[in-house]
Each structure stands twice: as structure tokens, then as C-alpha cells.
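Enquirer: Quick one: the structure is below, questions incoming.
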Amino acid sequence: METAAGLIKLKPDTAGDLQEWRDTLDARRDDVLETLHNEGVTIESWFQIDVDGQPYLLWFMQAESIARAREVFLSSDHAIDAYHLEKMTKMADAQIEANSLLNLSIDRYHGRE
């Protein structure tokens, strides 16, 4: 399994868009889970944080292949993927990719991956 994470700095006045995005993805959970399955993603998590008074999204993903997951997402014809991309494009001011330093899993410890 591979992991990826990053920070997305949000544009000002996007709180309403962020809430709509969260509510939509939560309401369409089955669609989201189907697309994650298609992408080979086993975990996708999102967190909202403030850094020096600026709103950010922190995301984390675990997948069989991060490159393949991105490729499948970007070529997807699923409406929920198009919606997600549209909202992120509208809300994101900048994105910072994180460098993985340490990734521990109890499954790896017990030989289950």
C-alpha cells in the first residue's frame, strides 16, 4: 500500500462551499465508495484546520497505487468525481504535497496488508 497527504489552502469566503461539498459527499457516500474502490483507494480522509488564521484542508489517502488512483480519478466519468473536482478547483487557493516520513500499520505488524 502507498500513502499520500497534503494541505489545501482554501480561498477566502469558501466556508459555504466547503459545507456543501462535505454534505454532498456524505449524502452520496455509496457513489463515493464505489469510485474509491475503482481507484484502488482503501482510505481517504479529510480534515479542516486553521494555520495562522487561514483555513486549510488536510487530506490523507492510502491506495494500492497513488499514481493509478489519481489517473483513474482524473479520467472518471462518475458525476460525483466531477463534482468533487469542480468544488476543489473552486475552493483551493494552493496545494502543498506532503513528504511521507513514517507510515505504521498494525496490519503490517501482523503480516496483513
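Enquirer: Consider D93 against the criteria (1) part of a helix (DSSP H, G or I); (2) over 20 Å from T3 (Cβ atoms): it satisfies all of them except one. Which criterion is unmet?
Expert: So the condition that D93 fails would be (1).
Enquirer: Additional query: Sort out which residues of the range 1-37 are closer than 22 Å to R70 by Cβ, at pLDDT below 95 and acidic (D, E), and write them in order of number.
Expert: Scanning the range 1-37 gives a single hit, E2.
Enquirer: Same structure again: For the range 26-45, give me the residue count where each residue is touching a residue at least 24 places away in the same chain (Cβ under 8 Å), within 14 Å of the chain's Cα centre (by Cα) and outside any helix (DSSP H, G or I).
Expert: Kept after step one, since they are touching a residue at least 24 places away in the same chain (Cβ under 8 Å), are these residues of the range 26-45: 28, 31-32, 34-35, 38-42.
Okay, now just the ones that are also within 14 Å of the chain's Cα centre (by Cα), so 32, 35, 39-42.
Filter again for outside any helix (DSSP H, G or I), leaving 40-42.
Residues in the range 26-45 being touching a residue at least 24 places away in the same chain (Cβ under 8 Å), within 14 Å of the chain's Cα centre (by Cα) and outside any helix (DSSP H, G or I): 3 in total.
Enquirer: Search the range 31-59 for residues being more than 20 Å from A82 (Cα to Cα) and aromatic (F, W, Y), and hand back the single one that is surrounded by the most Cβ atoms within 10 Å (Cβ to Cβ).
Expert: Y56
Enquirer: Return the pairs, sorted by first residue and then second, in which the second residue is open to solvent by 70 Å² or more (accessible area, probe 1.4 Å) and acidic (D, E), the first residue lies in the range 53-82 and is free of Cβ contacts under 8 Å to residues at least 60 places away in the same chain, the beta carbons are less than 8 Å apart, and the residues are 6+ apart or on different chains.
Expert: From the range 53-82, the pairs are Y56/D50; H78/E34.
The values are calculated or read from the model by the stated rules, or taken from the named source; none is laboratory data. Remember, predicted model here, so these are calculated numbers, not experimental data. All Cβ positions, glycine included, derive from the backbone under ideal geometry; neighbour counts span all protein chains shown. Surface areas here come from the heavy atoms of the whole protein model, side chains and all, with no ligands, DNA or RNA. Shrake-Rupley method; radii C 1.70, N 1.55, O 1.52, S 1.80 Å.
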